[in-house]
Amino acid sequence: MNRSLAPDRLAALVGGFDRSPAYRGLRQALQELIGDGRIPIGTRLPSERAVTETLGVSRNTVTRAYADLIAAGFAVARQGAGTYAAVPVDLRRAHDHALHSLGAVQSSQGAIDLNCAAGAATPGVAAAYQRALDALPSYLASDGYLPSGLPGLQAIIAESYVRRGLPTSAGQIVITSGALSGIAIVARALSRPGDRIMIESPVYSNAIEALRLGGGRLINSPLSDPLGDEGWDLAGIEATLRQTSPHLAYLIPDFQNPTGFLMSDAARTRYAAALRAARTIAIVDETLQPTCLSDGPMPAPFAAHAADAISIGSASKMFWGGLRVGWIRAPRELVSRIVAARVQIDLGSSLFDQLVVADLLGAADILAARREQLRQRRDALAQALAEKLPDWRFRLPDGGLTLWVQMPQGSATRLAADAERAGVHLAPGPVFSVEGGSDHWLRLPYAKPEDALRQAVARIADIWSANRIASGHRREPARRLIA
C-alpha cells in the first residue's frame, strides 16, 4: 500500500528551506528527507499545485524542483498517478552490499571492528559462570527442556518490571536465546506472511532481516531530525498507522539503535494511543534499556502505556555478547501462542546460561561498573571525533552503545570500504534502513576500549582527509559539536 504525504506535512518537514533560488532549496530539502528516510521510499509526494499553494512559491519552482529530484534518482514520476519518493539505484546497491557483507567480515590482525556494538565481557561475568557451575548439578536430574525458561530467572525478570512500574508475573515471561530470537518468535506467533509491519528508520539492522525473513511487509516509519531533540516523528507515525493499518509495529523507545534517542513518557502515551486506534500490536525492543548513562529517572516501560505490547529484553548488551539469553514479556493471553511458536524454533535456551544471567541480574555493582565503563568510552569517542573530525555532527546520547554520526558529504558506504582496507570495520547508514538512504551517516559504537576508539577515529580521519584532498574539497570550518 502506497502512502501519500499531505501538503501541510511536507511544509513542516522542509521547514525554512533555502529560497535562493527556491527550486534548488526545495529540491535539496526533499532529497535530504528522502535520503535519510524521513520521507519513506514509495511515498506519493503532494501534487505540484498543492505544494505551490502550501509553500507560497510559484508553480515553476515546484515543477523544476520535482524535475531535478527525478533526475537525481530521488523520485519517480508515474503517468497519471503522481510523483513518488525513491532512491538512486547505486544507493540501493550500496545498501545491499553493506548489509550482506556486514556479518561476513573477518577481522585481520590489528583491525578494529566497529561493525558490532559489543565488546569484551563485563568484569564479574567469569565469577558468575563459576557460581552457576556450582549450582548446575541440582538441575541435572531433570530433562533440561524448559520452553518457557528457568522459573527462577522468570521470577527475577518479572520483578524487574514490577520495580519499573509495570505489574508482571513470572508466567508472563518467556526466556529466549537472545533478543533477536525473541523478535523472530513474536513475529512468527502473531503474524502471517504478507502482514504489514511498521518499523523505525533508521533501526537495528538485524531486526530488519528477522522481520523480513518471517514474511513481513516492512513499512518505514522515519524518525525526526536525527540531530534534533524529539527523536520520534509522532505526527508522521500517526499518519503511517492511519494509512497502512499495520498488524505489528517494531520500535526501540529506550536509547534507540542506532540514534540513541530516549522516548519520553508523554510521547509513549501518544504513540500507544495511535497504536490502539490502528489496532496495531507493538513489539518493543528494550535491549538497551539498562544502558542509561545519566542520573535522571527513566520513563515507564512502553507496555505501561500499551497493555497489549510485547516487550523484548536481553542480557548481552550489559554483560557479554556470548551470553545468549533474552526474554519476552507478554500479556497472559498471548503467552501460550508465543511458547508454541518458540518450540518450532528450539526447545529452550541453555539452562547453564540462564543460571549465569539469574546471578548477574542481581549484581547491582556489576551493572554500575558497566555503566561507568560505557560512559567513559562514549566520552572518549566523542572527544576523538571533536578533535579529528570536527565537521562531523552527532548528538551525545544519554544511553545506548552507539553514536549516530553525520558526514558533511560523501558516501558512508564508500568510506566504510576504504576504512576496511585501513583496518577499521564500519557499519554505514544504509545498513540501518529498509531500503537505501542514510548514506551520509555512520553508526559508531563505543563498546570498545578507549585506546581502540581513538585509534579507529585517527585512521578514519586520515582516510577522510585523503579522500577530500583527492576529490578537491577544501576543509570546512569546524561545526559545533551536538551535545
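The values are calculated or read from the model by the stated rules, or taken from the named source; none is laboratory data. All values derive from a computational prediction rather than experimental measurement. Glycine gets a Cβ as well: all are built from the backbone with ideal geometry, and neighbour counts include every protein chain shown. Just so you know, the surface numbers come from the protein's heavy atoms only, side chains and all, with ligands and any DNA or RNA stripped out. Shrake-Rupley method; radii C 1.70, N 1.55, O 1.52, S 1.80 Å.
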Problem - Residue within the range 400-408 that is aromatic (Phe, Trp, Tyr), part of a loop (DSSP other than H, G, I, E, B) and either buried (at least 20 other Cβ atoms within 10 Å of the Cβ) or on the phi < 0 side of the Ramachandran plot (or both) present - result: no
Exercise for the section: Show the residue pairs that are 6+ apart or on different chains and have beta-carbon atoms under 7 Å apart, the first residue being within the range 261-274 and in contact (Cβ under 8 Å) with a residue 12 or more places away in the chain, the second being of a type in the set (Asp, Glu). Expected result: Leu262/Asp254; Leu262/Asp398; Ala274/Glu238
Fill in the blank from the handout: Exactly one of Arg443, Arg414, Arg459 is part of a strand (DSSP E or B), over 19 Å from Trp320 (Cα atoms), in contact with a helix residue (DSSP H, G or I) (Cβ under 8 Å, 6 or more places away or on another chain) and open to solvent by 10 Å² or more (accessible area, probe 1.4 Å), and that residue is Arg443
Practice task
Any chance you could count how many residues in the range 5-18 are more than 17 Å from Glu238 (Cβ to Cβ) and within 25 Å of the chain's Cα centre (by Cα)?
Solution key: 1
Handout entry: Candidates Pro21, Pro46 - the one that is more than 26 Å from the chain's Cα centre (by Cα), within 18 Å of Arg242 (Cβ to Cβ) and not basic (Lys, Arg)
Key = Pro46
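Yes or no: the range 181-203 includes at least one residue that is closer than 29 Å to Asp391 by Cα and in contact with a strand residue (DSSP E or B) (Cβ under 6 Å, 6 or more places away or on another chain).
Looking through the range 181-203, at least one residue is closer than 29 Å to Asp391 by Cα and in contact with a strand residue (DSSP E or B) (Cβ under 6 Å, 6 or more places away or on another chain).
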Exercise for the section: Look at the range 46-83 and say how many of its residues are out of contact with any strand residue (DSSP E or B) (no Cβ under 8 Å at 6 or more places or on another chain), touching a residue at least 40 places away in the same chain (Cβ under 8 Å) and not in a helix (DSSP H, G or I). Expected result: 1
Handout entry: Conditions (1) farther than 24 Å from Thr280 by Cα; (2) in a helix (DSSP H, G or I); number of the one not met by Ile185
Key = (1)
Exercise for the section: Keeping to the range 311-324, report how many residues are surrounded by 23 or more Cβ atoms within 10 Å (Cβ to Cβ) and either closer than 14 Å to Ile185 by Cβ or basic (Lys, Arg) (or both). Expected result: 5
Handout entry: Hey, Arg19 more than 20 Å from Asn220 (Cα to Cα), of a type in the set (D, E, K, R) and open to solvent by 20 Å² or more (accessible area, probe 1.4 Å) or not
Key = yes
Exercise for the section: Hey, can you tell me all the residues within the range 123-134 that are at pLDDT below 90 and loosely packed, with under 15 Cβ neighbours inside 10 Å? Expected result: Pro123
Exercise for the section: Check the range 9-22 and report whether any residue there is assigned to a helix (DSSP H, G or I) and among the aromatic types (Phe, Trp, Tyr). Expected result: no
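For the range 167-201, which residues satisfy the criterion of being of a type in the set (S, T, N, Q) and open to solvent by 10 Å² or more (accessible area, probe 1.4 Å)?
Thr168, Ser169, Gln172, Ser177, Ser181, Ser191 - these are the residues of the range 167-201 that are of a type in the set (S, T, N, Q) and open to solvent by 10 Å² or more (accessible area, probe 1.4 Å).
Restricting to the range 157-166, give me the number of residues that are in contact with a strand residue (DSSP E or B) (Cβ under 9 Å, 6 or more places away or on another chain) and either farther than 24 Å from Arg279 by Cα or buried (at least 21 other Cβ atoms within 10 Å of the Cβ) (or both).
4
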Practice task
For the range 368-386, state whether one or more residues are under 20 Å from Gln256 (Cβ atoms), outside any helix (DSSP H, G or I), open to solvent by 10 Å² or more (accessible area, probe 1.4 Å) and at pLDDT 90 or above.
Solution key: no
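Determine which member of the set Leu355, Leu360, Leu426 is in contact with a helix residue (DSSP H, G or I) (Cβ under 8 Å, 6 or more places away or on another chain), more than 30 Å from Trp327 (Cβ to Cβ) and crowded, with 22+ Cβ neighbours inside 10 Å. Walk me through how you get there before you give the answer.
Working: Leu355 fails: more than 30 Å from Trp327 (Cβ to Cβ); Leu360 fails: more than 30 Å from Trp327 (Cβ to Cβ).
Leu426 is the lone residue from the list that is in contact with a helix residue (DSSP H, G or I) (Cβ under 8 Å, 6 or more places away or on another chain), more than 30 Å from Trp327 (Cβ to Cβ) and crowded, with 22+ Cβ neighbours inside 10 Å.
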Handout entry: Gly231 vs. criteria at positive phi and open to solvent by less than 20 Å² (accessible area, probe 1.4 Å)
Key = yes
